[in-house]
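Below is one structure, written out as structure tokens; comments come after it.
The values are calculated or read from the model by the stated rules, or taken from the named source; none is laboratory data. Here the structure is a predicted model, which is why all the values come from computation and not from measurement. Counting neighbours? That spans all protein chains shown, and the Cβs are built from the backbone with ideal geometry, glycine included. All accessible areas refer to the heavy atoms of the entire protein, side chains included, with ligands and DNA or RNA removed. Shrake-Rupley method; radii C 1.70, N 1.55, O 1.52, S 1.80 Å.
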Amino acid sequence: MTFIAITEPGGPEVLQPQTAPVPQPAEGELLVKVHAAGVNRPDVLQRAGHYPMKPGMDPVPGLEIAGEVVAVGSNVSRYNVGDRICALTNGSGYSEYCTVPATQALPVPEGMSMESAAAIPETFFTVWANVFAMGNAKKGDKVLIHGGTSGIGTTALMLCRERGIEAFATAGSEEKCAAIRALGATAINYREQDFAEAIAQHTDGKGVDVILDIMGGPYFERNIASLAQFGRLVIIGFLGSAVAKEINVMPILAKQAIVTGSLLRSRTAAQKAEIADALHEQVWPALSAGRCLPMIDKVYPLAQVADAHRRMENGEHIGKIVLKVAE
């Protein structure tokens, strides 16, 4: 089979096709003929050598796939050969065949394309785990999403709209702000207005209940300022910096705020299985009804994976970037 290797840390050009035997599913795993794979920011960070790879992590990029089950390992009862599934992988999504834990797989909703299905797992797992589980966002809350037109951002906005949550989101162009408004949220152009001032204006100074942040250090103090009493700040990235130069902790204490964060890839298999079960129960009915469908920015053939990474790095995409692996 063909897979995409990171030949050395560097730019998109280090992504090169190589060949290897088709893997076999271990106990509890599925072997999937991959039709499509999602491209995500951790893939880009891993390629550049900036993602913390723990011992045992699969070095082949690709954290989400959609395809057809072609073999089933022992002690798997939920899926059979021929089933159409999408799955959160433990790596190796940029491959013609990929093994995945059956507990991290979900059925492709009826009528959904493989390209759309491949855009679901990484972002939906991330949003559910951080906005709704850790952040405890619920109907009637107000939520601020940074990077509102990313794959994670558009997913978060759709799920907030679905669940009766008022959402605000930041972006850096009018085109992206228009996309945010089309998803039912209030857009804040961070190039034109300080987002903390905008949140104060929109909420009569009360702030928001949950913030999902991908920027890290440079946004920290303004995020705390934007929180309501008992608000929750959930940090899942540090595109700005991992370091906040100076932190005044008094507002955290005064607001009784919670500051937390997580990485999806380092969660345990049991934790990922729990998220998958929650998605199947809470979100799959909406997907099956044609709501909250992932926004696809562009689909590239697997051979053009370097171009897909370049598009993600230039920041112009709105929604998900997907690789088409097979028909």
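Shown here for segment 42-121: GluC sites (Glu not before Pro) in loop regions (DSSP other than H, G, I, E, B) with at most 12 other Cβ atoms within 10 Å, namely E110. Per the Debye calculation on segment 27-174 with a single equal scatterer at every Cα and no solvent contribution, log₁₀ I(q)/I(0) for q = 0.11, 0.12, 0.15 Å⁻¹ amounts to -0.47, -0.56, -0.83. Three principal axis extents of segment 168-327 based on alpha-carbon atoms, in descending order, are 56, 40, 33 Å. Building the convex hull from the alpha-carbon atoms of the chain and averaging its projection over directions returns 16.0 nm².
Converting phi to 3J(HN,Hα) with the Karplus coefficients 6.51, -1.76 and 1.60 and the offset θ = phi - 60°, segment 175-190 yields 4, 5, 5, 5, 5, 5, 5, 5, 8, x, 10, 8, 8, 10, 7, 5 Hz in sequence order, with x at every glycine or proline.
Hey, got a sec? Which GluC sites (Glu not before Pro) in segment 202-290 land in a DSSP loop and have at most 11 other Cβ atoms within 10 Å? Sites meeting the loop and neighbour criteria: E246.
Using a 1.4 Å probe on the protein heavy atoms, what percent of the accessible area of segment 135-261 belongs to carbon and sulfur? Please list the in-between numbers first.
Numbers: 3010 of 5820 Å².
In segment 135-261, the share of accessible area belonging to carbon and sulfur is 52 percent.
Placing +1 on each Lys and Arg Cβ and -1 on each Asp and Glu Cβ, with no other charges, gives segment 1-54 a dipole about its Cα centre of roughly 100 debye. Think of segment 154-274 as a dipole: +1 on every Lys or Arg Cβ, -1 on every Asp or Glu Cβ, centred on the Cα centre; then among A185, F230, T268, T268 lies furthest on the positive end. Give the total of Lys-Lys pairs in segment 135-261 with Cα-Cα distances below 27 Å; include a pair only if its members are 8 or more places apart or on different chains. Close lysine pairs found across segment 135-261: 13.
Dipole orientation for the chain: of the candidates T170, P251, I65, P251 has the Cα lying most toward the positive pole (charges on Cβ; Lys, Arg +1; Asp, Glu -1).
Per the Debye calculation on segment 135-261 with a single equal scatterer at every Cα and no solvent contribution, log₁₀ I(q)/I(0) for q = 0.15, 0.18, 0.20 Å⁻¹ amounts to -0.61, -0.91, -1.14.
Remark: segment 18-26, residue by residue, has Karplus-estimated 3J(HN,Hα) of 9, 10, 7, x, 5, x, 10, x, 7 Hz, where x stands for each Gly or Pro and the curve is 6.51 cos²θ - 1.76 cosθ + 1.60 at θ = phi - 60°. Accessible surface comparison of R311, R47, R78, R291, probe 1.4 Å, protein chains only, largest first: the order is R78, R291, R311, R47.
Here segment 59-211 is treated with +1 on each Lys and Arg Cβ and -1 on each Asp and Glu Cβ, and its dipole about the Cα centre works out to around 360 debye. Taking a ≥ b ≥ c as the square roots of the Cα gyration tensor eigenvalues, segment 90-171 comes out prolate, since a/c reaches at least 1.5 and a/b is larger than b/c. Excluding residues on the same chain fewer than 8 positions from K33, give the lysines whose Cα lies under 30 Å from its Cα. The qualifying lysines are K54, K272, K298, K320, K324. Taking +1 at the Cβ of each Lys and Arg and -1 at the Cβ of each Asp and Glu, which of L31, V283, P12 sits farthest along the dipole of the chain towards its positive end, judged by Cα position relative to the Cα centre? Sorting the options by dipole projection puts first V283.
A Förster radius of 56 Å, combined with the Cβ-Cβ distance separating E246 from N80, puts the computed FRET efficiency at roughly 0.50. Within the listed set V22, V305, V131, the Gaussian network model of the chain (springs between alpha-carbon atoms below 10 Å) gives the highest mean-square fluctuation for V22. The length gained by stretching the chain between A286 and I258 to full extension, at 0.36 nm per residue less their Cα-Cα distance, is 7.1 nm. With contacts taken as Cα pairs under 8 Å at a separation of at least 6 residues, the chain carries a relative contact order of 18 percent. The residues of segment 135-261 have, on average, 46 Å² of accessible surface per residue, using a 1.4 Å probe with all protein chains present.
Enter the Cα centre distance for the pair segment 35-94 and segment 131-206, rounded to the nearest angstrom. Segment 35-94 and segment 131-206 have Cα centres spaced 29 Å from each other.
Here the relative contact order of segment 267-327, from alpha carbon pairs under 8 Å that lie six or more residues apart, stands at 33 percent. Computed about its Cα centre, the charge dipole of the chain is approximately 500 debye, with only Lys, Arg, Asp and Glu carrying charge at their Cβ.
Mean residue ellipticity at 222 nm from the helices of the chain, using -39,500 (n - 2.57) per DSSP H segment of n ≥ 4 over the full residue count, to the nearest 500 deg cm²/dmol? Calculated mean residue ellipticity at 222 nm is -7500 deg cm²/dmol. Summarising the amide proton neighbourhood of Y97: residues at separation of 5 or more, or on other chains, whose placed amide H is nearer than 5 Å comprise V34.
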